[in-house]
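Below is one structure, written out as structure tokens; comments come after it.
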Amino acid sequence: MIEPSLALYGEAFARVDQQLEELLEQTGVRYCLLVDRKGFVLSHKEALWAPRPPALDSVATLVASNAAATAALANMLGERTFSEQTHQGENGTLYVESVGGDALLTLIFDASVALGKVKVYTRKSIEKLAVILDEIKDIPEPQLSNDFSAGATALLDDLLG
């Protein structure tokens with residue numbers, strides 16, 4: 001089974017969540033997603049006024065696939081990478097920028113939001129997000145002991161009968 005390349009939980013998740021919330025407020029975008037390069041949503045925020053979001057798992061998968069294709073194009077053209085992608089339609093824009101080598105920050109917004117403003121605030125957020133993601137690379141995933149498993153099973157048996 002394919003699993004996310006990053007385990008985002010605890011304090012790191014809260015810090016990422018706060019950064020996305022601030023970015024949402026500063027830019028006026030509808031949705032912010034932090035996606036790993038395998039296509040998993042690590043964290044997301046949406047504006048209270050935003051209409052029902054698209055299927056975020058599908059968006060994440062397509063964004064990651066598009067980033068991989070764009071990386072191949074960059075390589076063919078002699079570039080190390082293209083760090084950002086913009087898909088602009090009549091009514092909305094999808095903006096994606098790399099957060100280090102492991103994640104993609106994805107913003108979805110309508111035509112009333114200035115792309116330049118989004119880029120300025122996104123770059124500031126990316127610096128902070130990159131620090132958080134670098135910190136969690138060295139943290140081992142929590143290991144649950146057999147005692148925990150037995151205790152949880154007993155608790156569930158008591159609760160559910």
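The values are calculated or read from the model by the stated rules, or taken from the named source; none is laboratory data. Because the structure is predicted, anything quoted here is derived from the model rather than measured. As a convention, Cβ positions derive from the backbone with ideal geometry for all residues, glycine included, and neighbour counts pool all protein chains shown. These accessible areas exclude ligands, DNA and RNA; they are computed on the full protein's heavy atoms, side chains included. Shrake-Rupley method; radii C 1.70, N 1.55, O 1.52, S 1.80 Å.
Worth pointing out:
- Cα gyration tensor shape of the range 1-60, rounded if a/c is under 1.5, else prolate or oblate by comparing a/b with b/c: oblate
- Length-normalised contact order for the chain - Cα pairs under 8 Å, 6+ apart - percent: 24 percent
- Nearest-0.05 FRET efficiency for Lys38 and Ala74, computed from C-beta distance (R0 22 Å): 0.70
- If the convex hull is drawn through the Cα atoms of the range 31-89, its volume per residue in Å³: 93 Å³
- Ranked order, Ser125, Ser65 - accessible area, probe 1.4 Å, largest first: Ser65, Ser125
- 222 nm mean residue ellipticity, helices alone, for the chain (DSSP H n ≥ 4; -39,500 (n - 2.57); rounded to 500): -16500 deg cm²/dmol
- Principal axis box of the chain, alpha-carbon based, largest edge first, Å: 57, 41, 26
- Computed with a 1.4 Å probe over protein heavy atoms only, the accessible area of Lys124 comes to about 110 Å².
- Stretch gain in nm, segment Ala154-Leu62, where the contour uses 0.36 nm per residue and the Cα spacing is subtracted: 28.9 nm
- Summing Cβ point charges (Lys, Arg +1; Asp, Glu -1) relative to the Cα centre of the range 63-143 gives a dipole of roughly 260 debye.
- Per-residue surface analysis assigns Tyr9 an accessible area of about 100 Å², computed on protein heavy atoms at 1.4 Å probe radius.
- Shape analysis of the range 52-124 based on the Cα gyration tensor places the equivalent ellipsoid semi-axes at 21, 15, 12 Å, largest first.
- Carbon and sulfur %, accessible surface of the chain computed with the full protein complex present, 1.4 Å: 54 percent
- Ligands, DNA and RNA aside, Thr27 has an accessible area near 10 Å² when probed at 1.4 Å.
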